[in-house]
Amino acid sequence: MLEEVYVADSTSIINGFLRRGVVKGLIKGKVLLHISLIRVFEEMARSDKSAGYIGLEELRLLRREVEKTGGVEIEVIKELPEGYRGYGFRDLEEVDAMLRDLALEWKAVLVTCDEVQAKAAEAMGIRVMLSKRGESVLASFEKYFSDKDVMSVHLKEGIVPLCKKGTPGKWKMIPLRDKPLTKEEVEMIEREIIERSRVSRDAFIEAERPGSTIIQLNHYRIVIARPPFSDGLEITIVKPIAKLRLEDYNLPRELIERFEKRAEGILIAGAPGMGKTTFAQALAEYYHRKGKIVKTMESPRDMQLPPEVTQYSKTYATSEEIHDVLLLSRPDYTVFDEMRDTKDFELYADLRLAGVGMIGVVHAASPIDAIQRFVGRVELGMIPSIIDTVIFIKNGTVEKVYELETVVKIPHGLREADLARPVVVVKDFLTGEPEYELYVFGERTFVVPVKRHLRGRGGKAKFSLEKALSKYIPPNDFEVSVGDNGEAYIFIAPEYLSSLSNKLMRRLKRIGKKLGIELTIRPKV
């Protein structure tokens, strides 16, 4: 009886399919491992890429299993198919293509987890052993999420495993066991995560760089960091603990109406872990229920949305490609999660000015900080055309809502009439009161806290004006009111209006100019 010969490609090794096939007795005979594949794994490991480490570790474990169970012979070969020269393969895809040709030439069984590779091999008449999607071992980290209140799990070699338990803004760090994790335990969890991410339909390796890997595995967001980028192998796994509808936030009716009728440039801001993405997810789902076409740009793609909402990965496309796809597909709203660098803000602005409704998510310690992140990246006067509504999330609730408008006026803090200029006024949406002003003076852009500034001067202005008036008019015949909008109203009994002296008028104007407050004199009713 002829011995069966198997050629294993990179996917079957990284995903552990080859090793499990040997352990279960599904693979018996001779397994051919090509030297080029091992060399590429080595190069990737030296570049701190997880696939390289996983590949080499799987081969080490495979030899250990063969020594235990027997029945399988592993042979490392150097022979190349006809037409190939040298061993200078740049990546795993090139090696896998060569291995497919080798399996054809040697009439061997190709072991793979890649469906495209399997179809191409079958088209060439090659026998294939293909791993079915989902045919993988459950990752051991999932036991840490048995409690539904666990928000995230933090694993690091030499450290006790920790979990963050609670809700946004109300959580505590809890150790999961008393004994620190060994390097081998963390490496095993890393290997299981990589295996599942390469075979599961609901998994994506969003970014793989020297020293770090970002993965979206079903609803888990996973960040793997390894030396020399970090001082030890570390895995952070985050799981959304709540999926809310917009109605669960008990928002004011005026804000709901704004979302439905006016808001098209929405900015959702907040500190890390405060629930920004959860709110953006609820808003996207709300627009979807209203019959709007909604798409998202995420990295990683961790929003839990209906299948009708297409989720794009920012990692796998250029800004130009994202721009073209979104303009041609004509969504009503696009959710841009985790805006970080200048290109992200420029893309948001470009799409908004093109007429696409935008919902951006940014990290910010305060709502005005979120607006300031656009300063210097776009012209100041264009900001209200790009952003019309700012939602600040704290501890999972909407704490502040701003609206923006551009007016031509004398900025607060300046007094001369010839200094009037376009000013971006940031108002509290619910009260309509201005809280900040953004304007250009010289070559610098200033952000002035209007409300706080005026409140600090209001009492002093009222006292000074009343003191000056009381020398000429009885206290019961005048009234002074200083508002937060930078104006002071003086109400004077009609019989005293015609007898106001020039000296008193000059003094009142001098007080107003000194404090930067405009005076309006009206008859007292």
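The values are calculated or read from the model by the stated rules, or taken from the named source; none is laboratory data. Fair warning: this is a prediction, and the values are worked out from it, not measured in the lab. So basically every Cβ, Gly included, is an ideal-geometry build from the backbone, and we count neighbours across all protein chains shown.
Looking across region 9-24, the residues that are part of a loop (DSSP other than H, G, I, E, B) and crowded, with 24+ Cβ neighbours inside 10 Å come down to D9, N15, G16. With respect to L328, determine if the residue is part of a helix (DSSP H, G or I), hydrophobic (A, V, I, L, M, F, W, C), out of contact with any Cys (no Cβ under 7 Å at 6 or more places or on another chain) and surrounded by 13 or more Cβ atoms within 10 Å (Cβ to Cβ). No. Of the residues that make up region 211-228, is at least one more than 20 Å from T11 (Cβ to Cβ) and of a type in the set (S, T, N, Q)? Yes, the conditions are met somewhere in region 211-228. The residues on offer are E94, E43, E82, E75, and the sole one that is acidic (D, E) and in contact (Cβ under 8 Å) with a residue 24 or more places away in the chain is E75. Cβ separations smaller than 6 Å between residues 6+ apart or across chains give the following pairs from region 491-520 residues that are surrounded by 15 or more Cβ atoms within 10 Å (Cβ to Cβ) to residues that are of a type in the set (F, W, Y) and outside any helix (DSSP H, G or I): I492/F478; L504/Y472. When residues in region 357-382 are screened for being modelled with pLDDT under 90, in contact with a helix residue (DSSP H, G or I) (Cβ under 6 Å, 6 or more places away or on another chain) and not in a strand (DSSP E or B), 1 of them pass.
Among all positions in region 392-415, there is at least one residue which is out of contact with any strand residue (DSSP E or B) (no Cβ under 9 Å at 6 or more places or on another chain) and not in a strand (DSSP E or B).
Of all residues in region 279-309, those satisfying the criterion of being in a helix (DSSP H, G or I) and without any contact (Cβ under 8 Å) to a residue 24 or more places away in the chain are H288, R289.
When residues in region 288-305 are screened for being under 19 Å from Y249 (Cβ atoms) and either under 20 Å from the mean Cα position of the chain (by Cα) or charged (D, E, K, R) (or both), 7 of them pass.
The numbered conditions (1) in the same structural domain as E93 (by TED's automatic domain parsing); (2) surrounded by 13 or more Cβ atoms within 10 Å (Cβ to Cβ); (3) of a type in the set (G, A, S) are all true for G169 except (1). Applying the condition of being within 20 Å of F345 (Cβ to Cβ) and among the small types (G, A, S) to region 267-283 and asking which residue is surrounded by the fewest Cβ atoms within 10 Å (Cβ to Cβ) yields A271. Each residue in region 217-251 was checked for being part of a loop (DSSP other than H, G, I, E, B), touching a residue at least 40 places away in the same chain (Cβ under 8 Å) and farther than 25 Å from L305 by Cβ, and 6 pass.
Among the residues of region 236-263, those identified as under 28 Å from G166 (Cα atoms) and of a type in the set (K, R) are K239, K243, R245.
Here T182 does not fit the description of being at pLDDT 85 or above, under 18 Å from G55 (Cα atoms) and of a type in the set (S, T, N, Q). Of the residues screened, K49 is not one that is of a type in the set (K, R) and farther than 26 Å from E234 by Cα.
When the residues of region 252-278 are filtered to those that are touching a Leu at 6+ places or on another chain (Cβ under 8 Å) and not in a helix (DSSP H, G or I), the one that is farthest from V398 (Cα to Cα) is I266. Residue count for region 192-216 under the criterion of being among the polar types (S, T, N, Q) and out of contact with any Lys or Arg (no Cβ under 9 Å at 6 or more places or on another chain): the result is 1. The residues on offer are L251, L246, and the sole one that is modelled with pLDDT of 90 or more, more than 15 Å from the chain's Cα centre (by Cα), surrounded by fewer than 21 Cβ atoms within 10 Å (Cβ to Cβ) and closer than 14 Å to K400 by Cβ is L251. Scanning for something assigned to a loop (DSSP other than H, G, I, E, B), over 20 Å from I205 (Cβ atoms) and either touching an Asp or Glu at 6+ places or on another chain (Cβ under 7 Å) or outside the structural domain of R209 (by TED's automatic domain parsing) (or both), does region 29-44 turn up at least one residue? Scanning region 29-44 turns up no residue that is assigned to a loop (DSSP other than H, G, I, E, B), over 20 Å from I205 (Cβ atoms) and either touching an Asp or Glu at 6+ places or on another chain (Cβ under 7 Å) or outside the structural domain of R209 (by TED's automatic domain parsing) (or both).
Counting just the residues of region 486-525 that are within 48 Å of the chain's Cα centre (by Cα) and assigned to a loop (DSSP other than H, G, I, E, B), which one comes out farthest from E433 (Cα to Cα)? Only one residue fits best here, namely G516. You will find that of A280, A349, A269, the residue that is hydrophobic (A, V, I, L, M, F, W, C) and out of contact with any helix residue (DSSP H, G or I) (no Cβ under 7 Å at 6 or more places or on another chain) is A280 and no other. Counting the residues of region 182-202 that are over 25 Å from I159 (Cβ atoms) and crowded, with 19+ Cβ neighbours inside 10 Å gives 2. Per the conditions (1) within 23 Å of F229 (Cβ to Cβ); (2) assigned to a helix (DSSP H, G or I); (3) at pLDDT below 90, the sole criterion not satisfied by L56 is (3). Please verify whether region 144-155 includes one or more residues that are charged (D, E, K, R), within 21 Å of H219 (Cα to Cα), touching a residue at least 40 places away in the same chain (Cβ under 8 Å) and out of contact with any helix residue (DSSP H, G or I) (no Cβ under 7 Å at 6 or more places or on another chain). Yes, that holds for at least one residue.
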